[in-house]
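Read-outs throughout are calculated quantities, based only on the coordinates presented, and are distinct from any laboratory measurement. Given the structure is predicted, the values throughout are model-derived calculations rather than measurements. Cβ: placed from backbone, ideal geometry, glycine included. Neighbour counts: every protein chain shown.
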């Protein structure tokens, strides 16, 4: 769905436009998706340290971090991996709509 959205809109829009577009297309396909979904960041012992707001939270098990930049950087990857670990979510996608060619990277944390 992200590919067809990128093909339609191309690059150059704000991240929020892609967030709304991808959420809309996922919902139309019957996929449960929440935008700007608050997740608790926890320490090793389970103590709540704060909150993180996921761009998209899909089917209660997948964090989708969206970008609209020229290229994905190591900081973007570190951000997503940190969120996955701290929120105890195993699967994440990093999608960059900002480049001429759509970039999608999947990350899986397993203990």
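Descriptive notes on the structure:
- Residue within the stretch 69-85 that is without any contact (Cβ under 8 Å) to a residue 40 or more places away in the chain, within 13 Å of the chain's Cα centre (by Cα) and part of a strand (DSSP E or B) present: no
- Among all residues of the stretch 18-30, there is none that is part of a loop (DSSP other than H, G, I, E, B), surrounded by fewer than 16 Cβ atoms within 10 Å (Cβ to Cβ) and either touching a residue at least 60 places away in the same chain (Cβ under 8 Å) or in contact with a strand residue (DSSP E or B) (Cβ under 9 Å, 6 or more places away or on another chain) (or both).
- Of all residues in the stretch 44-68, those satisfying the criterion of being touching a strand residue (DSSP E or B) at 6+ places or on another chain (Cβ under 6 Å), touching a residue at least 24 places away in the same chain (Cβ under 8 Å) and either surrounded by 12 or more Cβ atoms within 10 Å (Cβ to Cβ) or under 20 Å from residue 16 (Cα atoms) (or both) are 52, 54, 55, 56, 57, 58, 62, 63, 64, 65, 66, 67.
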